[in-house]
1. Under a cut-off of 17 Å between alpha-carbon atoms, report the lysines in cross-link reach of LYS13, not counting same-chain residues fewer than 8 places apart.
2. Run the dipole for region 1-74 about the Cα centre, Lys and Arg Cβ at +1, Asp and Glu Cβ at -1, nothing else charged, and hand back the magnitude in debye, nearest 20.
3. Which value in deg cm²/dmol, rounded to the nearest 500, describes the helix-derived mean residue ellipticity at 222 nm for the chain, given -39,500 (n - 2.57) per DSSP H run of n ≥ 4 and division by the residue count?
4. Can you spot the aspartates and glutamates whose alpha carbon is less than 15 Å from LYS80's alpha carbon? Ignore those fewer than 8 places along the same chain.
5. By a straight-distance test (C-alpha under 14 Å), which aspartates and glutamates pair with LYS89 as possible cross-link partners, with residues fewer than eight away in the same chain excluded?
6. Which of the peptides 109-120, 65-76, 50-61, 89-100 is most tightly packed, and how do the rest follow, going by the mean number of other Cβ atoms within 10 Å of each residue?
7. Under 10 Å, Cα contacts only: if you run a Gaussian network model on the chain, which one of ASP104, ASP140, ASP82 comes out with the highest mean-square fluctuation?
8. Under a Cβ-only charge scheme (Lys and Arg +1, Asp and Glu -1), can you give me the dipole magnitude of region 17-171 about the Cα centre, in debye to the nearest 20?
Amino acid sequence: MMISEGLAAAMSKQVVAEFYSSYLYLSMSAWFDSRGLSGFANWMKTQAQEELTHGGKIFNYIGERDAEVELGSIEAPPAKWDSPLAAFKAAYQHEQKVTGMINDLVAMARDERDFASESFLQWFVNEQVEEESTAKGIVDQLTIAGDHPQALLMLDRELGQRVFAMPAAAE
Ligand code: FEO
C-alpha cells in the first residue's frame, strides 16, 4: 500500500528538517572551533553526522513506500551564539521543536490508519527522548560550569571523546 500524498509531503519536509539540523550543528561546530573549544566542536560535528542519518532514514522509507520525495531548500543556520551555554540552549530548543514535528507526523499517520508509518516513526519518537535529554544534560553542565574556564575546559575534554557510530536502525 502506498503512503498518502499528504504524509509523503510531510515526511519530505522532515527530511529537510533533519538536514537543517545537521547544518545547524555543523555551524555550531565551526563556531566552537573558532573559540578554541575543539571538544565541543567535535561533539557538534558528530551530531551533524547523526542528523544526516536521520534524514537519510526517512528519505529511504518514503522510497520504500513507493511515494515521491520532494526535497525543498535548506535554510542557512545562524553562525554565532553569545556563549557555549546559549548555543546548547538553542540546540535543546531546536530538538524540542523537532520532537513536535515528529509527534505531528505520528498523529497524521495514526489519523490515516497508516500503521506501518506509525511504527516506522516510533524509532524517531524514542530517538527524540534521547536527543532532548542529551542536549538538556549539557545545558545543565554548562550552567554549573558558569564562568569558570577550568570547568569549561574539562567539559570540552569530555565532549571531545564522542565518536560517530552509525545508528543500528539507520543501517
Ligand atoms: Fe534528528 Fe536531532 O533529531
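1. Candidates past the 8-residue exclusion: LYS57, LYS97.
2. 320
3. Dividing the helical sum by the residues of the chain leaves -26500 deg cm²/dmol.
4. Cross-link targets: ASP33.
5. Within reach: GLU131, GLU132, ASP140.
6. Ranking the peptides 109-120, 65-76, 50-61, 89-100 by packing returns 50-61, 89-100, 109-120, 65-76.
7. Checking each option, the largest mean-square fluctuation is seen for ASP82.
8. Computed about the Cα centre, the dipole is about 600 debye.
The values are calculated or read from the model by the stated rules, or taken from the named source; none is laboratory data. These numbers come from a predicted model, not from an experiment. Cβ: placed from backbone, ideal geometry, glycine included. Neighbour counts: every protein chain shown. The area values use the complete protein model at the heavy-atom level, side chains included, leaving out ligands, DNA and RNA. Shrake-Rupley method; radii C 1.70, N 1.55, O 1.52, S 1.80 Å.
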